[in-house]
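Written below as structure tokens is the structure these notes are about.
The values are calculated or read from the model by the stated rules, or taken from the named source; none is laboratory data. Since the model is a prediction, treat every value here as computed from it, not as a measurement. Neighbour counts run over all protein chains shown; Cβ positions are idealised from the backbone, glycine included.
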Amino acid sequence: MAVRIQTEDFDVGAEVNAMRLSNPNIGALVSFVGQVRDLNDGDNVASMVLEHYPGMTEKSLESIVEQAMNRWNIEDALVVHRVGELKPLDQIVLVLVASAHRKDAFTACEFMMDYLKTEAPFWKKEQTPSGERWVEAKDSDDQAKSRWQQ
């Protein structure tokens, strides 16, 4: 299990290959890559700045990964999240989950993203033609997370 917060871009192929080759018990590897869109809430987005609280953010992401590992039969997991200024088409986040079988990997990856969107302490500020604005939390993200609560 690993969690990284970084400003630099990541290489999805290299991360997948490293995890794939790390453990012969891995039979399935599922990934999610999020990237910056050029349009949000009907406005053009020129850039986005992601802010976080160092230390607190890593602990939050580690907790999310640990919850997934406790709920599903997962061999390994990785979360890489970028911070700083990003432009449209820049990668923001990579969630990578490995398991013996695909169902656990798919389900755990989806769980991790739903919790990351609602629980991880990140703040997004977009630069639009009308100026800067903070990105508000979405009800749909809370609804997605609620289905995992027992």
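Some points to look at:
- Residue, nearest to Val93 (Cα to Cα), within segment 39-55, restricted to residues that are among the aliphatic types (A, V, I, L, M) and assigned to a strand (DSSP E or B): Leu50
- Subset of segment 49-99 [of a type in the set (D, E, K, R), under 13 Å from the mean Cα position of the chain (by Cα) and under 17 Å from Asp114 (Cβ atoms)]: Glu62
- Output for segment 59-85, where each listed residue is of a type in the set (D, E, K, R) and surrounded by 18 or more Cβ atoms within 10 Å (Cβ to Cβ): Glu75, Asp76, Arg82
- Subset of segment 124-145 [outside any strand (DSSP E or B), of a type outside the set (A, V, I, L, M, F, W, C) and over 23 Å from Gln6 (Cα atoms)]: Pro129, Ser130, Lys138, Asp139, Ser140, Asp141, Asp142, Gln143, Lys145
- Every residue from segment 78-93 that is under 9 Å from Val3 (Cβ atoms) and out of contact with any Phe, Trp or Tyr (no Cβ under 9 Å at 6 or more places or on another chain): Leu78, Val79
- Pairs meeting the criteria (first residue in segment 92-111 and under 25 Å from Asp38 (Cβ atoms) and in contact (Cβ under 8 Å) with a residue 60 or more places away in the chain, second residue not hydroxyl-bearing (Ser, Thr, Tyr) and not in a helix (DSSP H, G or I), beta carbons under 6 Å, at least 6 apart or on different chains) are Val93/Gly34; Val93/His81; Leu94/Phe10; Leu94/Val33; Leu94/Val80; Val95/Phe32; Val95/Val79.
- If the condition is being part of a strand (DSSP E or B) and either among the acidic types (Asp, Glu) or crowded, with 17+ Cβ neighbours inside 10 Å (or both), then segment 92-123 contributes Ile92, Val93, Leu94, Val95, Leu96, Val97, Ala98, Ser99, Phe122.
- For segment 1-57, the set of residues classified as of a type in the set (Ser, Thr, Tyr) and modelled with pLDDT of 95 or more consists of Thr7, Ser22, Ser31, Ser47, Thr57, listed by residue number.
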